[in-house]
Structure formats: structure tokens, C-alpha cells
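Step one of this worksheet: look at the structure below.
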Amino acid sequence: MGTKIDPTTLLAHPLPVRNLILQIPPRIITPLLTHHAQAFEPQDIVVTSITSTELTITYLQPLREVWFNPVPRTAIIPFTPPLPPIPADPANERANSDWEEACAIRLKEMSAASEKVVDNRSDIVVTRYLPPTSPGSFLAMGWFVALSFVIALWIFRGREAPYIGGFLADRVWNVDWKFDVTAVVHAGILVKKCRDVVNLAKRLRVHGVDRRRGVWALWLVNVALEGWRCAQRFEGEVRRVGRGLAEEKVKGESRKGK
């Protein structure tokens, strides 16, 4: 069975789009919504338009509070790169068929790629960023930024570095091996922080924080500076949301039973 289409706009679609929409199975669209729109178990999916650059879908998003009605939402999913232009002549069956096939193949490829991303997703979705609050976190971030700045300043300016160049040359890195040891230690810290970023990026994806969004960027920038404390704070937020979901489920079941 194909995806639903709005009958009030049926004739407004170009012929190849109209034919294609009626044949798209929901199993193709659902992973796209889950990945690109952070939808969770979307209902009543309706493809409202397909152009050479984007796919527009409306759907109902169930709420965690099971006693509330689902919320209507719209998602616009871009085609990257764009599809070929839609044939303008409805009588050109060959061109229309070729475009339908190209669009169908692209949708299947996008759906398969989205499935790989969402397969391991949890129903515990993190929606907010938590900034550091402990003195230890601010101290760790300040120390890392300061050390990185001083090392970079020494590499590019050496003794000529303003204000601190002479002090570094005479008191801190007055022999080469001292700077070499500092650089090796700092490189090890950078490797550890890169691993922290990669690991947290995976956890963000599992808990519904998609890439290139504000919350996603804040968490990753923070873990790059702060390290394991940020990762622990994220896991604490996951546990908090999980407890909230469990409590809401119990409340919903009790309300349904009344």
C-alpha cells in the first residue's frame, strides 16, 4: 500500500509526482522522518509534495504523555544532490517514467542510509544541553585552553611572543626536551579529547540529537573542552529523561484504567 496523499491537492502535482506518491510505501518514509525530523513512531504520514530539490511530508507526532492527542507536524527533507528537473510534458511517457524511477531509487537510498542511523536509537530522547556548573569543570576547561594557547604561541613566535616569550624561553622551555615533553603530553590529551567527541557523538545520535543542530554542537564543543565530565553530565540527563518516561507511562496506564 502506498503513502497517503492529500486528495485536495492531487491534481496540483505533476503527473510523475502524482504517480510516484501513490506507490511510495510508508516503510520508505518513516526512517526519513525519524532521521531528519527526529520523529518518533509518526502516524498518518502524508507526502504533500515532491520537487527536484526536496520532499515535503506532514504527519502526526504522538506525545510521550499518552493521554494527549498527537501533534500535526511538517517535515521538509532535501534531496542532496538535487534530482533532475521534473518533466514538463505529461504526454512524454518515457521522460516521466525515467524521472519516477530516478526519484524512487533516490528515496530508497536515502531511506536505507537513514535506517543505518536510526537502527540503534533509543526511545529516550535528549532535547536540551546542560552547561557545566562545577568549579572543577571550569578549571579543566581553562587549563586546557590556556595550555593550548601558550603552546601555539611558542610554536609561532618563540621568544618573541608578547609578554610571556622571555619567561617561557628562560624559565619554562629553556631546553628543547622540556617543550618536547609538554607537546607529547598535550598531544595525548588531544587524542583523548578526540575520542571523547567521537564517543559522545555516537551517544547523541542514539538519543535523538541529530547533527548540525544547536544542542548537538553545544554538547560536542563542551566535551572537546571539558572531557569526561561533560560525558557524565549527558548520561545523567539520559537517566533523568528515562525516569520521566517511566513515570509518564505509569500515569498514562493508570488514567486509561480509570
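The values are calculated or read from the model by the stated rules, or taken from the named source; none is laboratory data. Just so it is clear, the structure is predicted and the values come from calculations on it, not from any experiment. Because the Cβ atoms are built from the backbone with ideal geometry, glycine has one as well, and the counts that use them run over all protein chains shown.
Listed values, structure above:
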{"read-out": "Long-range neighbours under 6 Å by Cβ, at least six apart or interchain, first residue under 25 Å from Phe144 (Cβ atoms) within segment 205-228, second aromatic (Phe, Trp, Tyr)", "value": "Val209/Trp216; Val215/Tyr129; Leu218/Tyr129; Trp219/Tyr129"}
{"read-out": "Odd one out for Pro90, checked against (1) buried (at least 17 other Cβ atoms within 10 Å of the Cβ); (2) part of a loop (DSSP other than H, G, I, E, B); (3) more than 25 Å from the chain's Cα centre (by Cα)", "value": "(1)"}
{"read-out": "From Thr74, Thr56, Thr48, residue being at pLDDT 90 or above, in a strand (DSSP E or B) and surrounded by 13 or more Cβ atoms within 10 Å (Cβ to Cβ)", "value": "Thr56"}
{"read-out": "Matching residues, segment 199-236, being under 25 Å from Ser114 (Cβ atoms) and of a type in the set (Asp, Glu)", "value": "Asp210"}
{"read-out": "Candidate set: segment 21-45, residues that are of a type in the set (A, V, I, L, M) and in a loop (DSSP other than H, G, I, E, B); chosen: the one modelled with the highest pLDDT", "value": "Ile24"}
{"read-out": "Criterion (surrounded by 12 or more Cβ atoms within 10 Å (Cβ to Cβ) and either free of Cβ contacts under 8 Å to residues at least 60 places away in the same chain or not charged (D, E, K, R) (or both)) met by exactly one of Ala113, Ala146", "value": "Ala113"}
